[in-house]
Amino acid sequence: MKKAGIIMIIGSLLLLGLFKFPLWNIMLGAPQYPDPLGMDIYIEGIQGVEEFDIQNIDGLNHYIGMKTIPKVEDMWEFSVFPKVIGAMVALGVLIGILGFLGKVSYKWFLGWFVLMSVLGILGMYDFNLWLIDYGTDLDPKAIMKLENLDGTPMTYKPPLLGYQKMLNFDVDSWPGPGAYMIFVGMILTLVAFFVGKKEYKKN
């Protein structure tokens, strides 16, 4: 399974892109901000798209009672996720090498893909929980207290994926380059499974 092993190794290594490129991106545009404010979410922390974006977003959020954007030390995910990704890369490369040497079955490639899929779903679920808390746990002493038409307090949860109008802001939330690298890497490991299965049947 030499070809399958090489594909598996390449697919696993693509996950290393998460240490360089953002996993997710959220942009906020409004008439008073011709250049939208944005934040890039990495597995090791959150950064502004431009130098003062985080500071400006926190300033806006203060008026409606939202929390400040968390720093690395404020969220356990920023210390755990890099270790999980590093472990999955190492495991994937190891499986790929063993597959190349004919020491493991092609089914291990699928096992890695399933495990990574489960971890990805759990990661997105956790990210959505953070967005809910970020947009709904508001300071009751906030300067501005806005209500929906039915009288309930307005919440400001950004969309997990896609576009949403929030007050006079256009909010876009989309995967970053790191997420696309994960996607391509996982597809390659799935390809490795089918290639390995084909190679196994030939032998």
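Odds and ends about this structure:
- Gaussian network model of the chain, springs between alpha carbon atoms under 10 Å - residue of VAL184, VAL80, VAL171 with greatest fluctuation: VAL80
- Helical mean residue ellipticity (222 nm; -39500 (n - 2.57) per DSSP H run of 4+; nearest 500) of the chain: -17500 deg cm²/dmol
- Efficiency of FRET from Cβ geometry, ILE187 and ASP35, R₀ 41 Å, rounded to 0.05: 0.75
- Sites LEU115 and TYR163 - FRET efficiency at Förster radius 35 Å, r taken between beta-carbons, to 0.05: 0.60
- Principal-axis tilt of helix 53-64 within the chain, Cα atoms, nearest 10 degrees: 50
- Value of D in µm² per second that Stokes-Einstein yields for region 28-83, Kirkwood Rh from Cα pairs, at 37 °C (0.692 mPa s): 268
- 0 to 90° range, to nearest 10: angle between helix 107-136 axis and the chain longest Cα axis: 0
- DSSP loop trypsin sites (Lys or Arg not before Pro) with at most 11 other Cβ within 10 Å: longest gap in the chain: 72-140
- Where labels lie 7 Å past Cα in the beta-carbon direction, separation of THR152 and ASP126 in nm: 2.9
- Descending semi-axes in Å of region 1-130, equivalent ellipsoid built from Cα gyration tensor: 39, 14, 11
- Helix 77-100 and the longest principal axis of the C-alpha atoms of the chain enclose an angle of approximately 20°.
- Between region 95-130 and region 179-193, the Cα center-to-center distance that results, in Å: 10
- Compactness index (Cα Rg / 2.2 N^0.38 Å), region 55-203: 1.47
Just so you know, all these numbers are worked out from the coordinates, no wet-lab data involved. Note that the structure is predicted; figures quoted are calculated from it, not measured. Every residue, glycine among them, receives a Cβ derived from its backbone with ideal geometry; neighbour counts consider all protein chains shown.
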